[in-house]
Amino acid sequence: MWAGRTGTLLRLSGWWPTGVLGRRLLNCNAASLAGSSSPRCWNCGGAGGPPRGDRFFCPQCRALQPPDPTRDYFSLMDCNRSFRVDTVKLQHRYQQLQRLVHPDFFSQRSQNEKDFSEKHSTLVNEAYKTLLAPLSRGLYLVS
């Protein structure tokens, strides 16, 4: 039931790979990936595994990827790295990310994806709470 809704959200937001849904991209085969140095998907081994930018899902198998531990809260929440933050934009981004990675949407998926979903959701919650409050935002900026 939720897979269709999630797919629609991903397509509308531009995070879904282009082409025919449910099929692998033509240029992604073992021969083309052999010389690639990009990160690999934990599920299918395809290129573009762990998220870069806003890619939380593998473009080949659509499996949720593990969160990037080096990503800062400002880039995750798509905010300028400054003390002044547009709280309305922050709230919209929070809701958008939770619609993508909330654990409720992964109840029928593999245990790995459930775990990654919990980690992503926790990270999004922490980023939102930190950037929403001026004091915690300032402390995060100086750390």
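The values are calculated or read from the model by the stated rules, or taken from the named source; none is laboratory data. Since this is a predicted model, take the numbers as computed values, not measurements. Note: ideal-geometry Cβ built from the backbone for every residue, glycine included; neighbour counts use all protein chains shown. Side chains included, ligands, DNA and RNA excluded: accessible areas come from the protein's heavy atoms. Shrake-Rupley method; radii C 1.70, N 1.55, O 1.52, S 1.80 Å.
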- prompt: How do Ser110, Ser143 rank by accessible surface area computed with a 1.4 Å probe, from largest to smallest?
  reply: Ser143, Ser110
- prompt: In sequence order, what are the phi-derived ³J(HN,Hα) couplings for the stretch 130-135 according to the Karplus relation 6.51 cos²θ - 1.76 cosθ + 1.60 with θ = phi - 60°, rounded to whole Hz, with x for glycine and proline?
  reply: 5, 7, 6, 8, x, 5
message: Take Gln108 and Arg40, extend 7 Å from each Cα along the Cα→Cβ direction, and tell me the distance between the two endpoints in nm.
response: 3.0 nm
field: Highest average packing first - 78-85, 90-97, Cβ atoms within 10 Å
entry: 90-97, 78-85
message: So if each residue of separation counts as 0.36 nm, and I subtract the Cα-Cα distance between Leu139 and Cys61, what length gain in nm does that give?
response: 24.2 nm
task: Can you work out the accessible area per residue across the stretch 85-134, with the rest of the protein chains kept in place, probe 1.4 Å, in square angstrom?
output: 55 Å²
task: Would you pull out the residues with amide H under 5 Å of Arg40's amide H, same chain only if 5 or more places away, H placed 1.01 Å from N?
output: Gly49
- request: Just subtract the alpha-carbon distance of Glu118 and Leu132 from 0.36 nm times their residue separation and send over the number in nm, one decimal.
  value: 3.0 nm
task: Convert each backbone phi in the stretch 114-121 into a coupling constant with the Karplus relation 6.51 cos²θ - 1.76 cosθ + 1.60 (shift: θ = phi - 60°), then list the ³J(HN,Hα) values in order as whole Hz, x for Gly and Pro.
output: 4, 5, 4, 4, 4, 5, 4, 4
